[in-house]
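Q: Have a look at this one.
The values are calculated or read from the model by the stated rules, or taken from the named source; none is laboratory data. None of the values given here were measured: they were computed from a predicted structure. Because the Cβ atoms are built from the backbone with ideal geometry, glycine has one as well, and the counts that use them run over all protein chains shown.
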Amino acid sequence: MRRSAATATANAAVNAAARAAAAAVTVAALLATATGCGGGSTDGAGSNSAPDELTYWASNQGADIAADQAALGPELKKFEERTGIKVKLEVIPWSDLLNRILAATASGQGPDVLNIGNTWSASLQATGALLPWTAENFQAIGGRDRFVASAMGSAGAAGQDPAAVPLYSMAYALYYNKRMFQEAGIEKPPATWDELVETGRRISGGGTSGTWALGAEGANLANNIHQVFVLSRQHGGSFFDAAGKPTFDTPANVDAVKQYVDLMARDRIVAPGNAEYDKNQSLQDFASGRTAMVLWQSAATSFKAHGMKEGDWGTAPVPVPAGAAPGTGGASVNSMVAGINMAVFKNTDNLDGALKFVGFMTSDEEQKVLNRTYGSIPPVKAAQGDPAFADQDLTVLRDTLATSAAPLPQVPEESQFETTVGTAVKELFADAAAGRPVTTESVRAKLAKAQQQMAN
């Protein structure tokens, strides 16, 4: 984390020590969320002194790692031909990516350039390992104003130079099976939560029809957070106050979490087995016709990978409360700002090459190529006008990002927030699946426990 130089006073020394301790706690909290530990690249920053070579860790965006290698290979070759800089690519699965990044921040041995989930920006920024995107660094890639404001809102903590720049932008949408809607006599997708529940009951009948209305992933901590964050905003709540302190068990947050879990517990439009779902299992159910709807971010590429064809599904904005006016904030928020950012390790020995590479990957031309490939939205304004991003799926996502998406809290403890509150929601789904009551008090107790864990 970038700080001004300390003065030679006792108070400043104490404050500096406190900041160092806080940074250490942040890294420890991040490590606690990881499922394993991987080492950094042996060719990473700190050991790469070749001006004609870069190491790049890409996140797994396609159907599998081989698909990403096939998609990125020609683009990296294009960069090499233009600059003479060879890019050594490693595509890392999401299950390993945070672990690898944290190991690299601790050891100093990592890549020159890497992809990060945009919700991690502030947490990783607090480690001090990432290059701050100062005005000068932004100028090297064409300027900060090239990027959409909502995407820049998830690039680091407010009041500091961003820790990354946006690469792929995504948003949540309501995807629905057109055939199943037609067979149920439903003419249009639900626009409000009341309509979603009513539509769901017509399709599933509480599971008596053999199919279920809505897919969910109760064991997917990150997805739990994404869903309840939106509902909290719709209820007028926030999981952190203006000072960055957790406020998990407020009435608005309790109502938001209960509303989400009640889709299974009370409304019976989500199958009890979904309490154990994780790792995109709800997408498989949707593609196979076991569920009629799913709330997901930029899912078209995944549907195709699971065998669906264009036209099998429809795309609509995530529901909002009845009476919420689009684009007015608060109750009209219907997605977190999802996406992938691109960062540079501060200790790279090839800063000039790293900046050139980030500039290449975020250029108007490459933004069109890469986001077409992955079914995402370019966070670069000039690239969004390409006709390839004008179909129904991407129009819904683009409009959501522009008018009704909000960034997750940009606080150093964001990853710990995902773990503690995401686990609370997981446990409540388990209660619902087992037939145990999910009450306002039981939800409040889970969120209070999560807030206490944040304080320890």
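Q: Got at least one residue in the stretch 348-359 being crowded, with 17+ Cβ neighbours inside 10 Å and either within 27 Å of Ser332 (Cα to Cα) or under 21 Å from the mean Cα position of the chain (by Cα) (or both)?
A: yes
Q: Within the stretch 372-395, which residues are over 16 Å from the mean Cα position of the chain (by Cα) and crowded, with 20+ Cβ neighbours inside 10 Å?
A: Residues satisfying the conditions are Val380, Ala383, Gln384, Phe389, Asp393, Leu394.
Q: Scan the stretch 405-433 residue by residue and report those that are at pLDDT 95 or above, farther than 20 Å from Tyr172 by Cβ and β-branched (Val, Ile, Thr).
A: Matches in the stretch 405-433: Thr420, Thr423.
Q: Sort through Val87, Val113 and tell me the only one that's of a type in the set (Val, Ile, Thr), touching a strand residue (DSSP E or B) at 6+ places or on another chain (Cβ under 9 Å) and more than 29 Å from Asn223 (Cβ to Cβ).
A: After applying the criteria, what remains is Val87.
Q: Here is a list of conditions, (1) closer than 21 Å to Asn220 by Cα; (2) in a helix (DSSP H, G or I), and Tyr175 meets all of them except one; can you say which number that is?
A: That leaves (2) as the condition not met.
Q: Among (1) farther than 23 Å from Val411 by Cα; (2) surrounded by 15 or more Cβ atoms within 10 Å (Cβ to Cβ), there is one condition Ala322 misses while meeting the rest; what is its number?
A: (2)
Q: Something else now. Restricting to helices (runs of 4 or more DSSP H) lying wholly in the stretch 57-127: which have 1 or more residues that are surrounded by fewer than 18 Cβ atoms within 10 Å (Cβ to Cβ), assigned by TED's automatic domain parsing to the domain that holds Ala343 and aliphatic (A, V, I, L, M)?
A: Values: elements: 65-83, 94-107, 121-125.
Hits in the stretch 57-127: 65-83, 94-107.
Q: May I pose another question? Restricting the search to the stretch 435-455, which residues are hydroxyl-bearing (Ser, Thr, Tyr) and outside any helix (DSSP H, G or I)?
A: Matches in the stretch 435-455: Thr439 only.
Q: Next question. Can you tell me which residue in the stretch 229-264 is farthest from Leu196 (Cα to Cα), limited to those that are among the small types (Gly, Ala, Ser) and surrounded by 22 or more Cβ atoms within 10 Å (Cβ to Cβ)?
A: Checked the stretch 229-264; the qualifying residue farthest from Leu196 (Cα to Cα) is Ser232.
Q: Out of all the residues in the stretch 134-147, is one or more modelled with pLDDT of 95 or more and either of a type in the set (Ser, Thr, Tyr) or in the same structural domain as Met293 (by TED's automatic domain parsing) (or both)?
A: Looking only at the stretch 134-147, we keep the residues that are modelled with pLDDT of 95 or more, and these are 134-147.
The next check asks that each one be either of a type in the set (Ser, Thr, Tyr) or in the same structural domain as Met293 (by TED's automatic domain parsing) (or both); those that pass are 134.
Scanning the stretch 134-147, I find at least one residue that is modelled with pLDDT of 95 or more and either of a type in the set (Ser, Thr, Tyr) or in the same structural domain as Met293 (by TED's automatic domain parsing) (or both), so the answer is yes.
Q: Moving on to the next point. Please determine whether any residue of the stretch 388-400 is at positive phi and either touching an Asp or Glu at 6+ places or on another chain (Cβ under 6 Å) or in the same structural domain as Ala104 (by TED's automatic domain parsing) (or both).
A: No; the residues of the stretch 388-400 include none that is at positive phi and either touching an Asp or Glu at 6+ places or on another chain (Cβ under 6 Å) or in the same structural domain as Ala104 (by TED's automatic domain parsing) (or both).
Q: Could you grab me the full set of residues in the stretch 128-164 that are under 11 Å from Ala343 (Cβ atoms), in contact (Cβ under 8 Å) with a residue 60 or more places away in the chain and buried (at least 21 other Cβ atoms within 10 Å of the Cβ)?
A: Of everything in the stretch 128-164, those that are under 11 Å from Ala343 (Cβ atoms), in contact (Cβ under 8 Å) with a residue 60 or more places away in the chain and buried (at least 21 other Cβ atoms within 10 Å of the Cβ) turn out to be Ala129, Leu130, Leu131, Ala155, Gly156, Ala163, Ala164.
Q: Would you check which residues across the stretch 178-196 are β-branched (Val, Ile, Thr) and either part of a strand (DSSP E or B) or modelled with pLDDT under 95 (or both) and list them?
A: Residue satisfying the conditions is Thr192 alone.
Q: Do any residues in the stretch 197-223 that are closer than 30 Å to Ser415 by Cα and modelled with pLDDT of 95 or more have Cβ atoms under 6 Å from those of residues that are of a type in the set (Lys, Arg) and assigned to a helix (DSSP H, G or I), where the two are at least six apart or on different chains, and which pairs are they?
A: Within 6 Å, the pairs are Gly218/Lys426; Ala219/Lys426.
Q: Being surrounded by fewer than 22 Cβ atoms within 10 Å (Cβ to Cβ), under 30 Å from Gly273 (Cβ atoms), in contact with a helix residue (DSSP H, G or I) (Cβ under 7 Å, 6 or more places away or on another chain) and aliphatic (A, V, I, L, M) narrows it down to one of Ala430, Ala406, so name that one. Break it down stepwise before answering.
A: Values: Ala406 fails: under 30 Å from Gly273 (Cβ atoms).
Unique residue meeting the criteria: Ala430.
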